[in-house]
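Structure record follows, encoded as structure tokens.
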Amino acid sequence: MTNSFNILLVDVDRTLYPFECKVWDAIGEQIHLFIQKKLSMSNEEARSLRIALRDKYPTTLQGLHNEYGVDQDEYLQFVHDVDLATFIPPNPDLASIFASLPQRKVIFTNSTRFHANRVMDFFSIKPYFDDVIDVTMIDPYTKFEKEAFPIALELLGNPPPQECVMIDDEDQIICNAVSAGMQGILVNKDPQVNSNQHVQIPTINHIKEALEELSEKYSSLSQV
């Protein structure tokens, strides 16, 4: 049944590893440190600026780039340079899970190719992914904006969107994928974040069951 979908778009942060891991907290600290150094601010000033930029822009990076001319690549390389092994537990089953899935698999992330490759290397899953679509390739958008998804489809070679599945921990991102004609699987333990009754799993290790459920759901809708 999983052959109903030909392309899996897989998020990185808090999707390939558990939501409760503190990787994103560490990246947040790197963001504050970057702002401090780049703009010669105190820690308190940097934190206040980040809050202000996040209220005004989809990401801190967009705000820093638009208002302070910060170089995108310099920022992304700096903030994602964290020790993954300190925060992420091993997942020895993940490689065999992805190896068993027949679909084309592509990382689609709001972070960088550098960071995505590091996470894939950590889990030994890079051989099972054809490519990475990172945040620089959908600029000036992120996955939190609907405009990112037609760009991603074009980068994939314009496949039929209904054959693509976005796998992510953010409900808004799944909604944006669905609005572009794709299917979606939400990877999140909290059922309250699922605002649109998406197929939902607690961890990425349940992806095969989720694809079966999604395939059955899609087949039943197609027959209506």
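Given axes a ≥ b ≥ c from the Cα gyration tensor, I'd like to know whether the stretch 23-79 is rounded (a/c under 1.5), prolate (a/b larger than b/c) or oblate. Rounded shape, in that the Cα axes give a/c under 1.5.
What number, rounded to the nearest 500 deg cm²/dmol, is the helix-based mean residue ellipticity at 222 nm of the chain, given -39500 (n - 2.57) per DSSP H run of at least four residues and division by all its residues?
After summing the helix terms and dividing by residue count, I get -13500 deg cm²/dmol.
Can you tell which of His80, His65, His206 shows the greatest fluctuation in a Gaussian network model of the chain with Cα springs below 10 Å? Among His80, His65, His206, the largest GNM mean-square fluctuation belongs to His65. Shown for Thr109, Thr86: other C-beta atoms within 10 Å of each C-beta, ranked fewest to most, produce the order Thr86, Thr109. Around Gln36, under 14 Å between beta carbons, what's the net of Lys plus Arg minus Asp minus Glu among the other residues? After counting each charged neighbour, the total is +1.
Listed values (i) 12.3; (ii) 15.5; (iii) 13.3 include one computed from this model; for mean projected area of the Cα convex hull in nm² that value carries the label (i). All other residues whose Cβ lies under 14 angstrom from that of Gln77 are scored, Lys and Arg at +1 and Asp and Glu at -1, for a net of -1.
Taking Lys and Arg as +1 and Asp and Glu as -1, the other residues whose beta-carbon sits under 14 Å from that of Leu186 total -4. Taking only Cα atoms and a 10 Å spring cutoff, compute GNM fluctuations for the chain and point out the largest among Asp134, Asp169, Asp190. Highest fluctuation among the options: Asp190.
Quick note: the coordinates plus some simple rules give every number you see, no bench work behind them. Only a predicted model underlies this, so the values are computations on that prediction, with no experimental measurement involved. For neighbour counting, all protein chains shown are included, and Cβ atoms are generated from backbone atoms with ideal geometry for every residue, glycine included.
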